[in-house]
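The values are calculated or read from the model by the stated rules, or taken from the named source; none is laboratory data. Just so it is clear, the structure is predicted and the values come from calculations on it, not from any experiment. Note: ideal-geometry Cβ built from the backbone for every residue, glycine included; neighbour counts use all protein chains shown. We work out accessible area using only protein heavy atoms, side chains counted, and drop any ligands, DNA or RNA first. Shrake-Rupley method; radii C 1.70, N 1.55, O 1.52, S 1.80 Å.
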Amino acid sequence: MKYSDYNEKIKKEIYEHYNLIAGIDEVGRGPLAGPVVTCAVIMKKDSHIEGVTDSKKLSRKKMLSLRDEILEDAIEVSYGYANNRLIDEINIRQATLLAMKNAVEALENKPDILLIDAERIDTEIPQLNIVKGDLNEYAISCASILAKIRRDDIMINFSKIYPHYSFQTNVGYGTKKHYEGLEKYGPTPIHRKSFLRKFYQRQESFL
């Protein structure tokens with residue numbers, strides 16, 4: 001079931017009917033390099049951390065300040081990953097869904113229901129697929145923040161191995177410095193070949 005108009009009435013019904021409610025989100029669909037990272041988090045039902053929202057609306061400093069509070073209020077947190085090779089093999093959407101499923105299956109506490117940002121995964125657990133869930137549902141917002149921090153940390157570490165692409169600032173997205181690195185040094189082992197085709201086609205058009 002997918003909701004484009006997730007409202008307080010629906011939310012109240014879910015939180016009254018279910019006990020262990022897991023929010024699931026992903027980060028990293030769009031970058032040219034690095035993995036997709038997903039997070040599944042079961043928050044205490046009375047948790048209400050001021051400032052929690054979609055990670056895309058928050059600075060890294062703000063997310064880091066929220067992380068400890070989220071982890072303190074979380075019953076359990078787990079992560080799923082899909083690296084660039086898997087993304088190239090099965091496509092970005094399927095890799096994302098698999099990483100979401102892996103995050104859910106890594107939870108020791110089986111959720112009573114999954115609240116997922118827009119997507120639907122292959123599981124017998126009841127799920128609600130919420131359009132703009134990372135903005136409109138607290139548990140998904142918490143998952144969004146934790147996944148974003150985890151993925152950013154991965155890309156910052158990769159920047160030490162591959163220093164010519166500014167991964168520490170662009171986290172794999174197609175910025176000017178990233179493109180300049182590709183032009184001069186070519187792709188790294190963590191680049192998504194399927195995502196680079198348009199870049200190289202554009203380069204060839206100028207030859």
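Along the Cα→Cβ direction, 7 angstrom out, place labels at Ser59 and Lys110. What is the inter-label distance in nm?
It works out to 4.5 nm between the two label points.
I'm a student and want to see the number: the projected area of the Cα convex hull of the range 9-64, averaged over all directions, in nm². Walk me through the intermediate numbers first.
Working: hull surface 21.3 nm².
Here the figure is 5.3 nm², rounded to one decimal.
Quick check on the chain: helices-only [θ] at 222 nm, where DSSP H runs of length 4 and up contribute -39,500 (n - 2.57) each and the sum goes over total residues. Nearest 500, please.
That calculation yields -14500 deg cm²/dmol at 222 nm.
From the square roots a ≥ b ≥ c of the eigenvalues of the alpha-carbon gyration tensor of the range 1-159, which class results: rounded (a/c under 1.5), prolate (a/b over b/c), or oblate?
It is oblate, given that a/c is not under 1.5 and a/b is not larger than b/c.
Please compute the contact order of the range 55-207 in relative form: average sequence separation of alpha-carbon pairs under 8 Å and at least six residues apart, divided by the residue count, as a percent.
Relative contact order, the range 55-207: 19 percent.
For the chain, take the longest principal axis of its alpha carbons; what is the angle in degrees between that and the long axis of helix 176-185, to the nearest 10 within 0 to 90?
50 degrees
For the pairs Lys132/Lys198; Lys12/Lys62; Lys61/Lys160; Lys11/Lys193; Lys11/Lys62, note any where the Cα-Cα span goes beyond 31 Å.
As for pairs spanning more than 31 Å Cα to Cα, those are Lys11/Lys193.
On full extension of the chain, what length is gained from His164 through Glu13, given 0.36 nm per residue of separation minus the C-alpha to C-alpha distance?
49.3 nm
Would you rank Arg197, Arg150, Arg93 by solvent-accessible area, highest first, keeping every protein chain in place and using a 1.4 Å probe?
Output order, biggest surface exposure first: Arg197, Arg93, Arg150.
Between helix 138-161 and the chain, what is the angle of the helix's C-alpha long axis to the longest principal axis, kept within 0 to 90° and rounded to the nearest 10?
Result, in degrees: 30.
Accessible area of Tyr3, 1.4 Å probe, to the nearest 10 Å²?
For Tyr3, the solvent-accessible surface is approximately 70 Å².
Can you give the angle from 0 to 90° between the axis of helix 193-205 and the longest principal axis of the chain, with both taken from C-alpha atoms, to the nearest 10?
That works out to roughly 40 degrees.
Given a 1.4 angstrom probe, what's the average accessible area per residue across the chain, in square angstrom?
Dividing the accessible area of the chain by its residue count gives 53 Å².
Ranked from the most accessible area to the least, with a 1.4 Å probe and all protein chains present, what is the order of Thr175, Thr38?
Descending order: Thr175, Thr38.
Report the residue, chosen from Ile145, Ile116, Ile130, that carries the largest GNM mean-square fluctuation when the chain is represented by alpha-carbon nodes joined by springs under 10 Å.
Of Ile145, Ile116, Ile130, the Gaussian network model singles out Ile130 as fluctuating most.
If you roll a 1.4 Å probe over the range 18-124 with all protein chains in place, what percent of the accessible area is carbon or sulfur?
Carbon-and-sulfur percentage of accessible area, whole number: 45.
Per-residue accessible area for Glu69 at 1.4 Å probe radius, Å² rounded to 10?
Rounded to the nearest 10, the figure is 90 Å².
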